[in-house]
Amino acid sequence: MYETSDIRKGLKIEMDGDVYSVVEFQHVKPGKGGAFIRTKLKSLSRGAVLEKTFRSGEKLGKPDLEEKKMQFLYSSDDQYCFMDAETYEQSFLTKEQLGSSREFLKENISIDVLFHNNEPIAVELPTFVELTISETEPGEKGDTVSGGSKAATLETGAVIQVPLFLNPGEVVKVDTRSGTYVERV
């Protein structure tokens, strides 16, 4: 069991049979009455965000979570197939379970898949991924890094803002947490 003093960003707790990740938290000590913690929680299985207040000293459920290193194989319709690197066992996640993470899934990429009660519920992408630009306006001579940005479609279908000098076919490093361009590879 966790206590309210253990609450921090990224902590995973179990409530009402569902696993939640703490997105934001704020410790509040009013002038009158007991202290409490105001949190914003995101459901890992549904993606829904809810706000919940816990009284100081309250107990929180500790989920039975297991993290496995898996490889993304392919997607078909709304199903995304992942293979365990050790046992070669395949697991499927839906588009809703992946959320915005699916925009940066490239075939054969290794990622961490989170399991709750032996069911896959979420993925944790590496912080940076290298993807090829499939479509963008061609760069012109004289375009510089600080000159501005343009939209570029990546090989996975994600659209990000890149500097003007980049051309289709070039490989870029993308930050998966914010979905932003980092550098040319």
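The values are calculated or read from the model by the stated rules, or taken from the named source; none is laboratory data. What you see is a predicted model; the values in this text were computed from it and never measured. Reconstructed Cβ throughout: ideal geometry from the backbone, glycine too, with neighbour counts over all protein chains shown. These area figures cover heavy atoms from the full protein model, side chains too; ligands, DNA and RNA do not enter into them. Shrake-Rupley method; radii C 1.70, N 1.55, O 1.52, S 1.80 Å.
Brief remarks follow.
- Dimensions of segment 64-134 from C-alpha coordinates, computed as largest minus smallest value along each principal axis and given longest first, are 39, 23, 21 Å.
- Overall Cα dimensions of segment 1-110, principal axis frame, Å, largest first: 56, 25, 21
- Computed from the C-alpha gyration tensor, the three semi-axes of the ellipsoid equivalent to segment 3-65 are 21, 12, 9 Å, from longest to shortest.
- With q set to 0.15 Å⁻¹, the log10 of I(q)/I(0) for segment 96-138, from the Debye formula over equal scatterers at the Cα positions, is -0.47.
- Taken over the chain, the ratio of Cα radius of gyration to 2.2 N^0.38 Å equals 1.27.
- Accessible-area rank, largest first, for LEU11, LEU50: LEU50, LEU11, with all protein chains present and a 1.4 angstrom probe.
- The chain - percent relative contact order, Cα under 8 Å, separation 6 or more: 14
- Toward the positive end of the charge dipole of segment 79-133, with +1 on the Cβ of Lys and Arg and -1 on the Cβ of Asp and Glu, the farthest Cα among LEU98, ASN108, ILE133 is that of ILE133.
- Once C-alpha pairs closer than 8 Å and six or more residues apart are averaged by separation and normalised to the residue number of segment 70-146, the relative contact order reads 23 percent.
- Karplus-based coupling profile of segment 63-69, in residue order and whole Hz: x, 8, 10, 9, 10, 10, 7, with θ = phi - 60° in 6.51 cos²θ - 1.76 cosθ + 1.60 and x standing for Gly or Pro.
- Counting charges near LYS40 (Lys, Arg +1; Asp, Glu -1) among other residues having Cβ under 12 Å from its Cβ returns a value of +2.
- DSSP-loop trypsin sites (Lys or Arg not before Pro) across segment 105-185, with at most 14 other Cβ within 10 angstrom: LYS106, LYS141, ARG177
- A Cβ-based charge dipole, computed about the Cα centre of the chain with Lys and Arg at +1 and Asp and Glu at -1, lands at about 1100 debye.
- Residues whose placed amide H lies under 5 Å from that of GLU170, excluding near-sequence neighbours: ILE133
- Evaluated with a Cβ-only charge set (Lys, Arg +1; Asp, Glu -1), segment 1-62 carries a dipole of roughly 200 debye about its Cα centre, given to the nearest 20.
- Cleavage-rule hits (GluC sites (Glu not before Pro)) in segment 81-117: DSSP loop, at most 12 neighbouring Cβ within 10 angstrom: GLU86, GLU89, GLU107
- Equivalent ellipsoid, segment 95-185 (semi-axes from 5 times Cα gyration tensor eigenvalues, Å): 30, 11, 10
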